[in-house]
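Asks: Pasting a structure here, questions to come.
The values are calculated or read from the model by the stated rules, or taken from the named source; none is laboratory data. Model, not experiment: these values are computed from the prediction. Reconstructed Cβ throughout: ideal geometry from the backbone, glycine too, with neighbour counts over all protein chains shown. Calculation scope for accessible area: heavy atoms of the full protein, side chains included, ligands and nucleic acids excluded. Shrake-Rupley method; radii C 1.70, N 1.55, O 1.52, S 1.80 Å.
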Protein chains: 2
Amino acid sequence: MSYLIGEFSRLSGISIDTLRYYEKEKLIAVNRNSSGRRIFTDADLQWISFIKRLKETGMPIQQIRRYAFLRGQGDSTLRERLTLLKNHRAFVLEQKRIWEEHLSHLDQKMEFYEKKIAASEK
Amino acid sequence: MSYLIGEFSRLSGISIDTLRYYEKEKLIAVNRNSSGRRIFTDADLQWISFIKRLKETGMPIQQIRRYAFLRGQGDSTLRERLTLLKNHRAFVLEQKRIWEEHLSHLDQKMEFYEKKIAASEK
DNA sequence: GCTTGACCTGGAGTAAACTCCAGGTGGTAT
DNA sequence: ATACCACCTGGAGTTTACTCCAGGTCAAGC
């Protein structure tokens with residue numbers, strides 16, 4: 001299946017302007033039809049979903065572009081892409097740790113508040 | 001103890017410009033000495049540390065300002081501040097969950113890569 | 001008494017990642 | 001054949017959170 005930008009925007013949950021921006025930034029490489037319109041495929045949908053995840057995990061566009069470039073080179077870059085993901089994994093793991101820490105600090109702070117409120121109540 | 005902005009910047013790890021920006025945005029209320037210079041205290045250091053944590057947990061300045069405002073109103077706002085923190089806790093918990101999910105997805109992706117590399121090797 | 005360094009202000013500039021706009025084209029429904 | 005709508009482009013504007021700058025003040029050391 002293939003889609004024009006409007007439908008693809010709906011399917012992917014990414015705005016038309018952002019899709020065009022991603023193409024400009026070389027995160028995606030999009031084919032055109034005879035009248036110059038962008039044609040997106042299901043494969044693009046997979047790829048865009050992964051981009052979304054990379055973005056959600058805080059990867060800057062510059063780095064995603066690097067990954068996209070490697071991907072465009074084919075299977076010879078599998079190792080390098082895996083290395084990139086490994087580094088990113090370390091980052092994601094650290095983020096998870098940090099949020100756990102934030103949570104426990106926040107819980108302490110809230111406990112402190114609860115005590116203070118209880119004290120001011122009697 | 002009290003500090004001028006330069007020393008306080010070093011102690012808090014927040015740049016001089018950012019401290020002035022935080023004052024402008026009403027995240028902090030700073031006293032001045034007779035010649036108009038900002039005087040920071042240890043209490044300010046505590047507060048700034050908490051602001052740092054709120055920022056690290058993705059709380060936008062607008063919302064921190066609201067918290068700062070309530071804090072400035074004294075103990076009568078303890079409950080409201082606790083409510084604010086409770087809501088924020090839910091957010092932080094969700095973030096933790098999301099990062100866990102990201103981690104497991106990434107691990108799946110990497111496994112996929114490893115298999116593909118192994119296959120292309122023989 | 002003059003220089004120096006840390007401080008002051010208002011306002012402009014920056015970076016990242018979009019988001020919007022004006023002006024134009026192509027295919028289709030009436 | 002004309003209206004309409006989705007699409008196109010280049011480029012300007014937006015948002016958030018700073019960061020930098022020019023021009024000025026003040027207290028201390030020489």
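Asks: Among the residues of chain A, which one places its Cβ closest to the rotation axis that maps chain A onto chain B, and what is that distance in whole Å?
Replies: Per the A/B rotation axis, the closest residue of A reads A:Trp99, 3.
Asks: Can you report the principal axis dimensions of chain A using only the alpha carbons, biggest first, rounded to whole angstrom?
Replies: 78, 35, 22
Asks: Report the Cα centroid-to-centroid distance between region A:79-122 and region A:9-59 in angstrom, as an integer.
Replies: 32
Asks: Label position 7 Å from Cα toward Cβ: report the copy-to-copy distances for A:Leu4 in nm, one decimal, ordered from shortest.
Replies: Going from nearest to farthest copy, the values are 6.6 nm.
Asks: Two decimals, Cα atoms only, Kirkwood Rh: what is Rg/Rh over the protein assembly as shown?
Replies: 1.11
Asks: Let me ask something additional. In whole percent, and with a 1.4 Å probe on the protein chains, what portion of the accessible area of chain B is carbon and sulfur?
Replies: It is 50 percent, rounded to a whole number.
Asks: Is it possible to state the helix-based mean residue ellipticity at 222 nm for chain B, with each DSSP H run of 4+ residues giving -39500 (n - 2.57), the sum divided by total residues, to the nearest 500 deg cm²/dmol? What is it?
Replies: It comes out at -24500 deg cm²/dmol, rounded to the nearest 500.
Asks: Once the whole set of protein chains is in place, how much accessible area is left on A:Glu111, using a 1.4 Å probe, in Å² to the nearest 10?
Replies: Here the accessible area works out near 100 Å².
Asks: Where the label is 7 Å out from Cα toward Cβ, how close does A:Arg71 come to the same position in every other copy, in nm, shortest first?
Replies: Distances to the matching label points in the other copies: 4.2 nm.
Asks: I'd like the Karplus ³J(HN,Hα) series for region A:87-96: coefficients 6.51, -1.76, 1.60, θ = phi - 60°, whole numbers in Hz, and an x wherever there's a Gly or Pro.
Replies: Coupling constants for region A:87-96: 4, 5, 4, 4, 5, 4, 4, 5, 4, 4 Hz.
Asks: With the Cα gyration tensor of region B:74-122 giving a ≥ b ≥ c as the square roots of its eigenvalues, does the rule (a/c under 1.5 for rounded; else a/b larger than b/c for prolate; else oblate) give rounded, prolate or oblate?
Replies: prolate
Asks: Relative contact order of chain A: what whole-number percent is it, with Cα pairs under 8 angstrom and at least 6 residues apart?
Replies: The value is 20 percent.
Asks: Distances from A:Arg32 to the same position in the other copies: list them in nm, one decimal, shortest first, using label points 7 Å from Cα along Cα→Cβ.
Replies: 6.0
Asks: Under 5 Å between amide hydrogens, which residues at least 5 positions from B:Ile28 or on another chain qualify, with H placed 1.01 Å from N in the peptide plane?
Replies: B:Glu23
Asks: Got a sec to turn the phi values of region A:98-109 into Karplus ³J(HN,Hα) couplings, 6.51 cos²θ - 1.76 cosθ + 1.60 with θ = phi - 60°, whole Hz, x for Gly and Pro?
Replies: Residue by residue, region A:98-109 yields 4, 5, 5, 5, 4, 4, 6, 4, 4, 5, 4, 4 Hz.
Asks: Pop a pseudo-label 7 angstrom from the Cα along the beta-carbon direction at both A:Arg20 and A:Glu101 and give the gap in nm to one decimal.
Replies: Here the modelled spin labels are 4.3 nm apart.
Asks: Could you report the buried accessible area between A and B, both sides summed, computed with a 1.4 Å probe and given in Å² to the nearest 100?
Replies: 3700
Asks: Pull up the cross-link candidates among the aspartates and glutamates for A:Lys109, meaning alpha carbon to alpha carbon under 19 Å and not fewer than 8 places away within one chain.
Replies: Reachable aspartates and glutamates: A:Glu100, A:Glu101, A:Glu121, B:Asp42, B:Asp44, B:Glu56, B:Asp75, B:Glu80, B:Glu94.
Asks: Using a Förster distance of 45 angstrom, determine the FRET efficiency expected from the C-beta separation of A:Lys55 and B:Arg10, and round it to 0.05.
Replies: 0.80
Asks: Oh, and also: P(r) for region A:1-72, please, calculated from all Cα pair distances in 5 Å bins and given in %.
Replies: Answer for region A:1-72: a P(r) of 3, 16, 30, 28, 15, 6, 1, 0 percent.
Asks: Right, here's the next one. List the trypsin sites (Lys or Arg not before Pro) within region A:35-79 that fall in a DSSP loop (any state other than H, G, I, E or B) and whose Cβ has at most 14 other Cβ atoms within 10 Å.
Replies: Within region A:35-79, the qualifying trypsin sites (Lys or Arg not before Pro) (loop, at most 14 other Cβ atoms within 10 Å) are A:Arg37.
Asks: I've got another one for you. Roughly what would the spin-label model give for B:Leu45 and A:Arg71, points 7 Å off Cα along C-beta, in nm?
Replies: The answer from the label model is 4.8 nm.
Asks: With just the Cα atoms of region A:45-93, tell me how far they stretch along each of the three principal axes, in Å, largest first.
Replies: Here the spans come out as 27, 24, 18 Å, largest first.
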